[in-house]
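The values are calculated or read from the model by the stated rules, or taken from the named source; none is laboratory data. Computed from a predicted structure; not experimentally measured. In this analysis, Cβ positions are derived from the backbone assuming ideal geometry, glycine residues included, and neighbour counts consider all displayed protein chains. Protein only, heavy atoms only, side chains kept; ligands, DNA and RNA dropped before computing areas. Shrake-Rupley method; radii C 1.70, N 1.55, O 1.52, S 1.80 Å.
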Amino acid sequence: MRLRIVRSVLAVVAVAGLAACTPGPGGGSPSSSAPGSSTSSPPSGSPTGLLPDETASPSGKPTPSISPTAPGSPGSAEAELSIIVKLSASAAPESYTLVCTGGVPSAESHHPTAAAACAALKKNPALLTRTPRSSDQVCDQRYGGPQTAIVTGAVDGVGVESSYKLTDGCEIAAWAAVADILGSSGAGA
């Protein structure tokens, strides 16, 4: 019962986040922020506007909190994730649930590449931690497709809330790095 409630809550949060990330007609409005950075209103329940796994840096930009496991080092691969992938703005979202115990998918998982996803998280539990793009980072301007994805939940006790898209070379690389976790629908990268 608890897992069903968690799944429902995660799905609602992920869909709301996906809707908030989709620009309206006209492609958005001009802002005074630096190129490559974005401004948004704070998520409800967060007066700072930071995600649960971010802290404010001296520059005022969010940075991920230090997780108990260093990036790239093996973890216990305990994960409970909700993955929502949209193949286009008008497509119905595909929803996956990934539950890993010790790097192995559990029976509650509903995911096309669950074994590969759990193995990737066991190898690098910080794989889903996205750092904000610096304002001077250069990304090639290739377009990979209209697909978008949102991953929410927890890996090794650390909250995860990451979004992916294929709008430029940096975003395409981020998508490719977590392709096993996003499932077969992410095959546009």
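Of the residues 151, 138, only one is at pLDDT 95 or above and either among the aliphatic types (A, V, I, L, M) or part of a helix (DSSP H, G or I) (or both); which?
Unique residue meeting the criteria: 151.
Which one of these is surrounded by fewer than 17 Cβ atoms within 10 Å (Cβ to Cβ) and in contact with an Asp or Glu (Cβ under 7 Å, 6 or more places away or on another chain): 131, 101, 113?
Of 131, 101, 113, the one residue that is surrounded by fewer than 17 Cβ atoms within 10 Å (Cβ to Cβ) and in contact with an Asp or Glu (Cβ under 7 Å, 6 or more places away or on another chain) is 101.
Tell me, please, whether a residue that is at pLDDT below 95, in a loop (DSSP other than H, G, I, E, B) and either of a type in the set (Val, Ile, Thr) or within 13 Å of residue 153 (Cβ to Cβ) (or both) can be found in segment 112-124.
yes
List pairs: first residue in segment 133-160 and farther than 23 Å from residue 181 by Cα, second residue among the polar types (S, T, N, Q) and open to solvent by less than 60 Å² (accessible area, probe 1.4 Å) anywhere in the structure, Cβ distance under 7 angstrom, at least six positions apart or on different chains.
From residues that are farther than 23 Å from residue 181 by Cα, the pairs are 135/37.
Return the residues of segment 117-143 that are under 23 Å from residue 85 (Cβ atoms) and either among the charged types (D, E, K, R) or more than 17 Å from the chain's Cα centre (by Cα) (or both); say none if nothing qualifies.
119, 122, 123, 130, 133, 139, 142, 143
Restricting to segment 166-189, count the residues that are in a helix (DSSP H, G or I) and modelled with pLDDT under 90. Walk me through it before giving the result.
Step one: of segment 166-189, the residues in a helix (DSSP H, G or I) are 169-177, 179-182, 184-186.
Keeping just the survivors that are modelled with pLDDT under 90 gives 184-186.
The total comes to 3.
Right, residue 163: among the hydroxyl-bearing types (Ser, Thr, Tyr), open to solvent by 40 Å² or more (accessible area, probe 1.4 Å) and in a strand (DSSP E or B) or not?
Answer is yes for this residue.
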